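The values are calculated or read from the model by the stated rules, or taken from the named source; none is laboratory data. For clarity, every value in this text was computed on a predicted model and none was experimentally measured. As a convention, Cβ positions derive from the backbone with ideal geometry for all residues, glycine included, and neighbour counts pool all protein chains shown. For accessibility, only protein heavy atoms count, side chains too; no ligands or nucleic acids. Shrake-Rupley method; radii C 1.70, N 1.55, O 1.52, S 1.80 Å.
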Amino acid sequence: TNSMPATPETERDVSSSWVRVAVTSTSAVRSTVTSVRSKVRIWYLDYARFVCISCTVAEHCGGENYSYSNIAWVQQWVLPYFYVMSGISFMLSSSNIVSYNFRLGVFFLIGVTANWIGAAAHGAPAAWPPNLGVLMFQMAYILVMIVLGTASNPLRHALRWRFENPTLAAPRNLKLWTLFWGAVAWLFIILVAGNVPYRYLCSDATQPCEAKDQGSGSSMFHVYSFPLVTGQCAGLLFICLVACVCGRTDYLGW
């Protein structure tokens, strides 16, 4: 009933007002989401952590037959769940990579020390002189987390930046990290496709290859698998960084 005649000036004023309202509302929603996320505990992560640790304790206390048969306790989903939980926790952490790795290092030292005390109490040969390769046992997972966390830290920053800036062009450092991991992925893929790393491990075709025939528990098997696993991990980082560089696009699925 109290409408005024529509003019270009009033339309611009109304448009600018709506823009200010939209920006203010978006900022308020983001701040609210951030505050809610920081206060709400993710209970399903606690539940999954409890189940996975229970399975790991069962396996390390003599339940290897369960893991070998992939039944009941210690099925093959346990370790992938550990990595998923660690990745989610790493993404949600507000710590920088230095303090994050320092905290992991403290946990590593506590675990290795506890293993050494147990080995010394039972008179195990690994207790003295200390055999770190044996004593760290399950704590090797922490070392893997330090390596993977350091490697994926640029991706963590890229995901956060893209979430806050869904339409902006990617900055230069993000593009450089994308090119770096793409180059690493292609390097190891070419090496694996050319069978280069394995020629030195399995040079005699008439003899069984020790690197791949001793099973996943041997150190040589880990050396044999390193090029392929590295190429896969670097390729995954590259694809995720490409998604951050491109932002919202219909080609992302492809």
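Structure values in brief
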quantity: Residue-by-residue Karplus 3J(HN,Hα) for segment 232-240, coefficients 6.51, -1.76, 1.60, Hz, glycine and proline x; calculated: 5, 5, 5, x, 5, 4, 4, 5, 5
quantity: HN-Hα J in Hz across segment 56-66 - Karplus 6.51, -1.76, 1.60, θ = phi - 60°, x for Gly and Pro; calculated: 5, 4, 4, 5, 6, 9, x, x, 4, 5, 5
quantity: Per-residue ³J(HN,Hα) for segment 121-131, Karplus 6.51 cos²θ - 1.76 cosθ + 1.60, θ = phi - 60°, Hz, x for Gly and Pro; calculated: 5, 9, x, 6, x, 6, 6, 8, x, x, 9
quantity: Distance between modelled label sites at ALA114 and ALA72, nm, 7 Å Cα→Cβ extension; calculated: 2.5
quantity: Exposure ranking of TRP116, TRP161, TRP181 by accessible area [1.4 Å probe, largest first]; calculated: TRP116, TRP161, TRP181
